[in-house]
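Right, one structure below, let's go through it.
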Amino acid sequence: MVLLPVPGRKRARRSAAPHVDASERSPQARLEEAVGLAAAIDLDVVASGLVPLPSPRPAALFGSGKVEEFKGLVRAEEVGLVIVDHPLTPVQQRNLETAWDAKVLDRTGLILEIFGRRARTREGRLQVELAHLVYQKSRLVRSWTHLERQRGGFGFLGGPGETQIEADRRVIGDRIDVIRKELEQVRRTRGLHRKSRQREPYPSAALVGYTNAGKSTLFNVLTGASVRAEDTLFATLDPTIRALPLPGGSKAVMSDTVGFISDLPTTLIAAFRATLEEVLKADLILHVRDIAEETSFSQRADVNAVLSELGVEAEGEPDRLLEVWNKADLLDEVALLRSKSEARRAGAVLVSAVTGFGLDALRDEIERRLNLRSEMIEIALLPEEGALSNWIHENCEVIQRRNMGEGITALRLRVAPEKRERLARLAGPARLRLAAE
């Protein structure tokens with residue numbers, strides 16, 4: 001059973017502007033998303049509904065009348081799990097479980113359950129376990145406070161509740177420390193892999209977006225990978241990196257990342273920071289949006305909010321962030337024409353990862369964006385300049401090679417600005433000629 005408490009006031013009017021605040025998503029749309037979250041772990045939802053909430057009650061969130069009403073429904077339907085799509089304090093959760101004689105999860109708990117089910121790699125499982133433990137630790141401390149009054153005392157003579165709190169906190173805290181150390185090693189290893197890729201001098205792109213926006217399907221089409229892609233929330237948790245062929249014959253590396261969602265638990269953002277470093281370090285971030293989704297603009301605000309928490313300001317880095325409006329195949333003719341016009345004005349690319357519509361334009365735009373920072377250089381190498389040739393092949397992208405005779409090789413290459421000065425020192429600035437793209 002899924003319940004969505006909504007404020008007991010007149011609903012704010014939905015704006016037609018493209019920058020709709022996440023809070024303006026309609027209650028019905030939020031309820032449908034909550035039901036989708038439950039379905040993501042194969043829960044059988046027997047009832048769902050919106051619950052007016054004039055003012056949250058400290059004891060059980062809902063008033064006593066609503067608690068009794070749902071108690072009857074829980075018993076009649078033999079419900080074993082109730083999901084409340086709203087933050088619950090440990091006291092509220094415990095009181096509702098007691099009243100309804102059923103397990104109760106709030107939004108954060110449900111998302112953690114999904115992540116726990118979906119994580120496949122060791123890194124993913126560690127990150128999910130860390131988020132679980134941080135969540136449990138904060139709730140465990142408060143949920144045991146009812147025992148502290150059983151016996152007075154201080155220090156080692158304190159009551160049994162206090163002793164249990166400290167014991168559980170220590171066990172969880174020790175495990176958190178172990179996981180954080182292991183994840184730090186993962187972060188260092190990922191950093192070494194990233195440096196290795198940088199030595200091959202390929203630019204990087206990362207896919208981000210609201211969960212179920214079609215990132216993995218797009219990733220598979222662009223890179224030829226076979227990442228799990230399903231019409232469900234959080235189908236992808238573990239990051240995948242593949243080569244991305246570009247129209248001009250060069251290539252980049254692309255990473256597929258976990259989907260974002262509104263009210264994404266801060267514990268998860270913190271736990272997945274090692275994975276999301278691929279986004280932080282990417283030369284180009286592709287924000288994939290489900291343009292056929294009614295709440296697409298609200299989802300955009302949610303994704304930008306998470307990016308901001310990670311230190312990426314979407315509005316402040318226009319050349320680095322490219323919006324990809326996906327699922328054009330689900331639009332009718334009128335909506336498709338309107339979206340084409342709006343995408344041009346917004347500097348976005350309208351595509352369908354399923355039909356291939358717009359993918360050539362997307363590849364062209366990716367290449368254009370990635371090449372904005374680089375220079376095209378031509379240089380002629382003498383036969384004895386093997387060391388310089390090796391450095392160029394390790395640090396620059398060689399686009400074309402021509403044999404000029406007498407052992408002389410003409411190279412046409414693309415060099416990043418941070419390596420341009422080093423190349424000039426090694427070869428001599430007079431030998432470097434700017435070439436047309």
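The values are calculated or read from the model by the stated rules, or taken from the named source; none is laboratory data. Not measured: the values here are computed from a predicted model. Reconstructed Cβ throughout: ideal geometry from the backbone, glycine too, with neighbour counts over all protein chains shown.
I'd like the residue in the stretch 356-368 that is closer than 17 Å to ARG289 by Cβ and not hydrophobic (A, V, I, L, M, F, W, C) and, out of all such residues, is surrounded by the fewest Cβ atoms within 10 Å (Cβ to Cβ).
Residue satisfying both the conditions and the ranking: GLU365.
Filter the stretch 261-289 down to residues that are in contact with a Leu (Cβ under 8 Å, 6 or more places away or on another chain) and at pLDDT 75 or above, then give me how many there are.
Matching residues across the stretch 261-289 total 9.
Which one of these does THR98 not meet: (1) more than 27 Å from VAL79 (Cα to Cα); (2) polar (S, T, N, Q); (3) at pLDDT 85 or above?
The failed condition is (1).
Each row is one residue, and each column tells you yes or no for (1) at pLDDT 85 or above; (2) under 16 Å from LEU4 (Cβ atoms); (3) touching a Pro at 6+ places or on another chain (Cβ under 6 Å); (4) not assigned by TED's automatic domain parsing to the domain that holds GLN299.
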position	(1), (2), (3), (4)
GLU24	no, yes, no, yes
ALA38	yes, yes, no, yes
ILE41	no, no, no, yes
ALA47	yes, yes, no, yes
PRO54	yes, yes, no, yes
PRO58	yes, no, no, yes
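Which residue is surrounded by the most Cβ atoms within 10 Å (Cβ to Cβ), if the candidates are limited to the stretch 64-87 and must be in a helix (DSSP H, G or I) and in contact with a Phe, Trp or Tyr (Cβ under 7 Å, 6 or more places away or on another chain)? Don't jump to the end; show me each part of the working.
Our first condition is that a residue be in a helix (DSSP H, G or I); within the stretch 64-87, this holds for 64-76.
If we keep only those that are in contact with a Phe, Trp or Tyr (Cβ under 7 Å, 6 or more places away or on another chain) as well, we get 70-71, 74.
Numbers: PHE70: 23, LYS71: 15, VAL74: 21.
Among them, the one singled out is PHE70.
Go through (1) touching a helix residue (DSSP H, G or I) at 6+ places or on another chain (Cβ under 8 Å); (2) of a type outside the set (Asp, Glu); (3) surrounded by 14 or more Cβ atoms within 10 Å (Cβ to Cβ); (4) not in a loop (DSSP other than H, G, I, E, B) one by one and return the number of the condition LYS340 breaks.
If we test LYS340 against (1) touching a helix residue (DSSP H, G or I) at 6+ places or on another chain (Cβ under 8 Å); (2) of a type outside the set (Asp, Glu); (3) surrounded by 14 or more Cβ atoms within 10 Å (Cβ to Cβ); (4) not in a loop (DSSP other than H, G, I, E, B), just (1) comes out false.
The rows are residues; the columns are (1) surrounded by fewer than 19 Cβ atoms within 10 Å (Cβ to Cβ); (2) more than 25 Å from ARG368 (Cβ to Cβ).
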| position | (1), (2) |
| --- | --- |
| ALA252 | no, no |
| THR257 | no, no |
| THR266 | yes, yes |
| HIS287 | no, no |
| ALA292 | no, yes |
| PHE297 | no, yes |
| ALA305 | yes, yes |
| GLY316 | yes, no |
| ASP332 | yes, yes |
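Please specify each residue of the stretch 348-396 satisfying the condition of being outside any loop (DSSP other than H, G, I, E, B), of a type in the set (D, E, K, R) and without any contact (Cβ under 8 Å) to a residue 12 or more places away in the chain.
ARG368
Among the residues of the stretch 376-399, count how many are among the charged types (D, E, K, R) and surrounded by 15 or more Cβ atoms within 10 Å (Cβ to Cβ).
3
Out of ARG188, ARG197, ARG180, which single residue is at pLDDT below 70 and assigned to a helix (DSSP H, G or I)?
ARG197
Within the stretch 299-327, which residues are out of contact with any helix residue (DSSP H, G or I) (no Cβ under 6 Å at 6 or more places or on another chain), of a type in the set (Gly, Ala, Ser) and in contact (Cβ under 8 Å) with a residue 24 or more places away in the chain?
ALA305, GLY311, listed by residue number.
I'd like the residue in the stretch 21-62 that is within 14 Å of HIS86 (Cβ to Cβ) and free of Cβ contacts under 8 Å to residues at least 40 places away in the same chain and, out of all such residues, is surrounded by the fewest Cβ atoms within 10 Å (Cβ to Cβ).
Taking the candidates together, the pick is PRO58.
For the stretch 89-105, check the following and say yes or no: at least one residue is without any contact (Cβ under 8 Å) to a residue 24 or more places away in the chain and in contact with a helix residue (DSSP H, G or I) (Cβ under 7 Å, 6 or more places away or on another chain). Quick ask: steps written out before the conclusion?
At the first step, the residues of the stretch 89-105 found to be without any contact (Cβ under 8 Å) to a residue 24 or more places away in the chain are 97-98, 103-104.
Subsequent filtering for residues that are in contact with a helix residue (DSSP H, G or I) (Cβ under 7 Å, 6 or more places away or on another chain) retains 103-104.
Scanning the stretch 89-105 turns up at least one residue that is without any contact (Cβ under 8 Å) to a residue 24 or more places away in the chain and in contact with a helix residue (DSSP H, G or I) (Cβ under 7 Å, 6 or more places away or on another chain).
Could you please let me know if LEU112 is within 25 Å of ALA131 (Cα to Cα) and either assigned to a strand (DSSP E or B) or free of Cβ contacts under 8 Å to residues at least 60 places away in the same chain (or both)?
No, not satisfied.
Given the criterion under 18 Å from TYR202 (Cβ atoms), surrounded by fewer than 17 Cβ atoms within 10 Å (Cβ to Cβ) and not aromatic (Phe, Trp, Tyr), identify the matching residue among ARG373, ARG425.
None of the other options fit; the residue is ARG373.
In this structure, is ALA213 hydrophobic (A, V, I, L, M, F, W, C), over 29 Å from LEU130 (Cα atoms) and modelled with pLDDT of 75 or more?
So ALA213 fails the test.
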